[in-house]
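To start, the structure itself, in structure tokens.
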Amino acid sequence: MKRFDLIVLGTGLAGLTAARTAVETGAKVLIVGRGMGAVTLFGNTIDLLGTIPPGTDIAEGIARWIADHPEHPYARTGVKGIEDALADFRGLFPPPYGFAAEDNGNSLLPTGAGTIRPTYLFPVTMAAGAAMIPSETLIVGFRGFKDFQGDTVSLHLKCRGVNLALPRYGLEGTTALALARLMDAASFRERLGEAIRRQMGGERFIGLPAVLGLRNPAAVLKTLEKTTGARVFEIPLLPPSIPGTRVFHRFREELIAKGATFLMGHSVSRANVKGGRCEGIAVENPPLVTEYCADRYILATGRFLGGGLWAEMEQIVEPLFHLPIFQPGEREQWFGKRFFDPEAHPIHRAGIVTDADLRPVDETGRVVLENVRAAGSILAHHQAIEEKSREGIDIATGFLAAKRALAT
Amino acid sequence: MTKAEKKPVLLPKLPDVCVRCATCMAACPVSRVTPRFPGPKQAGPGAQRFRSASEASVDDWIELCTGCHLCDTVCPAGVPISEMNMMAKAKYLDERGRTFRDWLLVRSDLFGELAARFSKIINPLMKNGILRRLLDALLKIDRRRDLPGYEYPTFRRWFRTRSTAEGATGRRKVAYFYGCFTNTNETDVGKAAVEVLEAHGLEVVVPPQRCCGIPRLGVGDLKGAREMGRRNIEMLLPTVREGIDIVFSSTSCGLMLRHEYSRILHLPGAEELAGSLFDICEFLLRLREEEKASPIFQPLSLKAAYFAPCHLRSLNIGFPALDLLRMIPGLDVRMLEADCCGLGGLYGFKTEKFSIAEEIGKDLTEAAARMNPDIILTDCEGCRMQVRHLTGLRVIHPLQLLRDALNPS
């Protein structure tokens, strides 16, 4: 049987980052996921820690956060670890479609719900959103594209909004992917730019749903800015996320180019554990079960949606390795009284507790499996939704897990 | 490596397993090019909640699903989306009835041998403009689509009459499932398969076999597909029971034999067969990794693009052909970054679906233009036809290039 240097379980941002970090060192890597991973759901921008107010240096903010939250995943990676991991991530997206932060701090970007949301790194196609002035902004939606209502978004953002009919295409009930694909065609985006220009009343900013092409979004941006004479930005919206899909495709392209084996579509049905080590995993594609083995493993299977965690009636379990899970007491203590409580539901803190090397440990702090590391949202003691730290945790811990795994 | 395990498969087939995350909507090749198909989320689990065995189908757009399976591969909840679509399509077409064209096209295995025998007459006829207009008008087989030419002698006949390579008898045996297209339309793929397997120290045997039945599954003819499957299992199991592994060079035939026979058709013996079936490149790669055979590849100075067929993705074995091709010195081989060529087997031959197949294919054409390769390699005959049609480039099976690298003469 072929032996890999590393098997990464999970095709979300944490798993992709871990696999990519490993192939960069020349390691033979297998990455396996049940599906495409959450990057197509959430991955519009790269959140690091949204609770740090804009204008504050992010490194200082995180250093303080770590001091106050010694159990947080960021306490494992440290500020330097986050910086290195993000630099690596940014290296995967060379200009013209690059990711950047503004003044080393958080920026406030408009969302498809018409709210303003803090984030750290964002693609060049969203940069103008951080600078937009509502009175000078036109929000453009498309008739028949239900995921983005230009008038609602503009109402909340206090801008002017229009919904354009798509000339010639007549796409009633179109999808984000169909729109993104149209944008990839130069003739379409030129006509769109013209159509927007005719709607403009002196606005200097144009906001569009985040569907500005899959293949070459920077070129779409350039065309639209040239034709309209305004600064154009994408607004993150409902899944499937086109910016997230770009991220996924870029990682997959790079991993395959560097020789990684990429398996997608079936879950890992079993792990063989012997003597405190993982000896192999089995992937089930009915009626077959295929076994793969490696010297090291990284578990980046996500939380409840991804299947990394599973809530039984009385306890939360990790279904593959049956790792010890930190959990907030009895079931009745898992949730707050109201769904939208500003305080995180206690269940969000549940997850895997690790040592400094990201190896899962039990209640006594003893390492459970010496060649398995955990990365991403499956880790305990973060509240990615409320903290707005999802992508930062994924990238920083995925990077660290791969580095530490390959150092042994 | 792959092996069948006796274990009940607990696939959650309920549409409620779907959490409506819409990831499949970022993968479906059809819904990205036409608003006529609502996409896998709606067509699969969405509509499934409203489908009832006792009521007539209302979702006529279900026929627009190509059965590429890409939705299954990206779903984070493990919903068997394409299977839901397949079942709904079968029910819809059972009710509506299938056209004569569909009846005819899925039976190409029956007249293929005869057509090959008379290929000198048939091939020019299939290029004849008047006949193609007639086929288009009467049968709705799109005249803009090149029909594949037939070749004689067929692969089967060639294999039977050839002299086995020196010293090839008495070696470890491997059985070859060649598929109809290799047999009558692209015999060189079969010849390359045999030569490459023999170069890896194996004796090739060709057990009796029939069309795998995937064309019938494509038009929702479960009964017909089941009949093909039943016969193939009957013909192939003796080989399996002799302890001989079976390899396939067509990823669509392979997907059908290895997974659909049990997953969709629930055929007895399907699991036993699946446990001994391998994609030919997967098999060769394993031989080399286990150092059981490692003939040396001679350098080939070419810029090649490798395109991964959807059904290979659905097999979920990675890209073994790409891994093998990378062992050829001097060969600059890169992945063609495109999802789905658009042909969908017989789908793209049908007049009412031709434009959808073409539109899906445009993305591949552009990806190929960006790479500008000398040659494109892909494991599926449908993809090869479509990629040739789209790019005008030389498009062959990876095995044919591997064979060239093994016999530089």
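Details
- Filter result for residue B:215 (away from chain A (no Cβ under 14 Å), farther than 15 Å from residue B:283 by Cβ and free of Cβ contacts under 8 Å to residues at least 40 places away in the same chain): no
- Residue in the range B:94-112 that is crowded, with 17+ Cβ neighbours inside 10 Å and either within 30 Å of residue B:16 (Cα to Cα) or free of Cβ contacts under 8 Å to residues at least 40 places away in the same chain (or both) present: no
- Consider the range B:66-93 and keep the residues that are within 14 Å of chain A (Cβ to nearest Cβ) and under 19 Å from residue B:348 (Cβ atoms). The one that is surrounded by the most Cβ atoms within 10 Å (Cβ to Cβ) is B:71.
- Across the range A:373-408, the qualifying residues are those that are polar (S, T, N, Q) and in a helix (DSSP H, G or I), and the one among them that is nearest to the chain's Cα centre (by Cα) is A:377.
- Single match in B:129, B:179, B:170, B:149 (criterion: small (Gly, Ala, Ser), surrounded by fewer than 16 Cβ atoms within 10 Å (Cβ to Cβ) and closer than 19 Å to residue B:349 by Cβ): B:129
- Residues that are hydrophobic (A, V, I, L, M, F, W, C) and within 12 Å of another protein chain (Cβ to nearest Cβ), drawn from the range A:11-67: A:29, A:30, A:31, A:32, A:36, A:38, A:39, A:41, A:42
- Segments classed as helices (runs of 4 or more DSSP H), wholly inside the range B:254-365, with at least 2 members that are among the acidic types (Asp, Glu): B:270-274, B:280-289
- Yes/no for residue A:347 being β-branched (Val, Ile, Thr), touching a residue at least 24 places away in the same chain (Cβ under 8 Å), farther than 29 Å from residue A:117 by Cα and not assigned by TED's automatic domain parsing to the domain that holds residue A:13: no
- Top-ranked residue of the range A:118-138 - restricted to ones that are crowded, with 19+ Cβ neighbours inside 10 Å and of a type in the set (Ser, Thr, Tyr), ranked as nearest to residue A:219 (Cα to Cα): A:125
- Screening residue B:54 on (1) more than 23 Å from the chain's Cα centre (by Cα); (2) within 14 Å of chain A (Cβ to nearest Cβ); (3) part of a loop (DSSP other than H, G, I, E, B); (4) at pLDDT 90 or above shows it passes everything except condition (2).
- Residue check for residue A:370: surrounded by fewer than 19 Cβ atoms within 10 Å (Cβ to Cβ), modelled with pLDDT of 95 or more and assigned to a loop (DSSP other than H, G, I, E, B): yes
- Meets criteria (modelled with pLDDT of 95 or more, in contact with a strand residue (DSSP E or B) (Cβ under 8 Å, 6 or more places away or on another chain) and either over 30 Å from residue B:273 (Cβ atoms) or more than 14 Å from chain B (Cβ to nearest Cβ) (or both)) for residue A:254: no
- The numbered conditions (1) within 23 Å of residue A:117 (Cβ to Cβ); (2) aliphatic (A, V, I, L, M); (3) out of contact with any Leu (no Cβ under 9 Å at 6 or more places or on another chain) are all true for residue A:210 except (3).
- Listing of helices (runs of 4 or more DSSP H) fully contained in the range A:127-233 that carry 3 or more residues being away from chain B (no Cβ under 13 Å): A:127-131, A:150-157, A:186-199, A:217-228
- Number of residues in the range A:54-69 that are loosely packed, with under 12 Cβ neighbours inside 10 Å and over 15 Å from residue A:387 (Cα atoms): the value is 2.
- Taking the range A:257-279 as the range and being crowded, with 20+ Cβ neighbours inside 10 Å, at pLDDT 95 or above and not in a strand (DSSP E or B) as the test, only A:260 passes.
- Single residue of the range B:251-272 satisfying the filter (in contact with a Pro (Cβ under 6 Å, 6 or more places away or on another chain) and under 17 Å from residue B:67 (Cα atoms)) that is farthest from the other protein chains (Cβ to nearest Cβ): B:251
- Qualifying residue in the range A:309-331 (condition: in a helix (DSSP H, G or I), more than 13 Å from every other protein chain (Cβ to nearest Cβ) and more than 30 Å from residue B:289 (Cα to Cα)): yes
- Of the residues making up the range A:354-367, those that are within 23 Å of the chain's Cα centre (by Cα) and part of a loop (DSSP other than H, G, I, E, B) are A:357, A:358, A:359.
- The lone exception for residue A:295 - which of (1) farther than 26 Å from residue A:39 by Cα; (2) within 14 Å of chain B (Cβ to nearest Cβ) it fails: (2)
- Here the range A:288-332 is the region considered, the condition is being within 30 Å of residue B:269 (Cβ to Cβ) and of a type in the set (Val, Ile, Thr), and the residue that is surrounded by the fewest Cβ atoms within 10 Å (Cβ to Cβ) is A:289.
- Residue check for residue A:282: touching a Phe, Trp or Tyr at 6+ places or on another chain (Cβ under 9 Å), in a strand (DSSP E or B), modelled with pLDDT of 95 or more and crowded, with 21+ Cβ neighbours inside 10 Å: no
- Test: residue A:43 is in contact with a Ser or Thr (Cβ under 9 Å, 6 or more places away or on another chain), on the phi < 0 side of the Ramachandran plot, modelled with pLDDT under 95 and not hydrophobic (A, V, I, L, M, F, W, C): yes
- Residues located in the range B:317-346, provided they are touching a Phe, Trp or Tyr at 6+ places or on another chain (Cβ under 6 Å) and either within 12 Å of chain A (Cβ to nearest Cβ) or of a type in the set (Ser, Thr, Tyr) (or both): B:322, B:327, B:333, B:335, B:336
- Here residue B:314 clears all of (1) within 14 Å of chain A (Cβ to nearest Cβ); (2) crowded, with 24+ Cβ neighbours inside 10 Å; (3) on the phi > 0 side of the Ramachandran plot; (4) of a type outside the set (Asp, Glu) except the condition numbered (3).
- Total residues in the range A:1-42, condition buried (at least 24 other Cβ atoms within 10 Å of the Cβ) and assigned to a loop (DSSP other than H, G, I, E, B): 8
- Listed conditions (1) assigned to a helix (DSSP H, G or I); (2) modelled with pLDDT under 95 are all met by residue B:92, apart from (2).
The values are calculated or read from the model by the stated rules, or taken from the named source; none is laboratory data. Being a predicted model, the structure only gives us computed values, none of them experimental. Cβ coordinates were reconstructed from backbone atoms using ideal geometry, including for glycine residues, and neighbour counts include every protein chain displayed.
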